[in-house]
Amino acid sequence: MNNRAVILLSGGLDSLVALSETINFYNIRFALFFNYGQDSEQQELLAAREIAEHYNIKLVLVKLEWFKNLLDVGKTDWVPNRNGIFINIAAGFAERLDIANVIIGINKEEGAEFKDNTKEFLDAVNNQLKHSTQNEVKVVAPLINYNKEQIVKSGINNGAPLEKIYSCYLGKEKHCGDCKSCRHLKAALEKNGQTDLINQLF
């Protein structure tokens, strides 16, 4: 069985916990970080580098200069076809290097709002990859049935370095606490009794 994998690593909560869930089951060859013109790119990249170093995984930076043409100024929560584009780029890397799996942190809570985080999306993209890659690259989504509270709990149980994450849309030194991503993260941390971590991140 080809258990080699590449992981999409944004430096946020979901990608970190997806990594911590799969690190002992997949031979993760490297992580991909996408610079697509996001406001939080510098802080995300710093977090991704620290997480990759923690797990001794090579981090590959992919710059998508053209992607800024898809960004809606002032709208931070939805980026057109982001997961679809990122997965297909990752699948290209995977096929070229005879890697069978692409790991991503999509989850049930975000799937309630964004269609590219759903089980239906996961099934559809895996069906597409059967036809678009010769080695039938598969997307693995270990958090697909998790909400944010469960994701934080999993990270704690797996000993993931949650203090290294950056999940804010705005790109300030610390999490703003006000954007949608921050509100979801803070609520999940509170439900898990992570007061010290909240004080550290926000």
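Bear in mind these aren't lab numbers, they're just calculated from the coordinates by the rules spelled out. Remember, it's a predicted structure, so these values are computed and weren't measured experimentally. Positions of Cβ are backbone-derived with ideal geometry, glycine not excepted, and every protein chain shown enters the neighbour counts.
Some values worked out for this structure:
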quantity: Restricting the range 29-135 to GluC sites (Glu not before Pro) in coil, as DSSP defines it, with at most 13 other Cβ within 10 Å; calculated: Glu113
quantity: Neighbour cut-off at most 13 other Cβ (10 Å), DSSP loop, trypsin sites (Lys or Arg not before Pro), the range 40-95; calculated: Lys58, Lys75
quantity: Nonlocal amide H pairs with Asn35, under 5 Å, H built at 1.01 Å; calculated: Val62, Lys63, Leu64
quantity: Within the range 157-172: backbone nitrogen closer than 15 Å to the Asp77 label point (7 Å, Cα to C-beta); calculated: 168-170
quantity: Estimated [θ] at 222 nm from DSSP helical runs (n ≥ 4, -39500 (n - 2.57)) normalised by residues in the chain, nearest 500; calculated: -13000 deg cm²/dmol
quantity: Ordering of 155-166, 123-134 by packing [mean C-beta count within 10 Å, highest first]; calculated: 155-166, 123-134
quantity: Global geometry of the range 45-149, whether rounded, prolate or oblate, following the gyration tensor of its Cα atoms and the 1.5 cut on a/c; calculated: rounded
quantity: Net length gained if the chain between Ala124 and Leu70 were fully extended (0.36 nm per residue, minus Cα distance); calculated: 17.2 nm
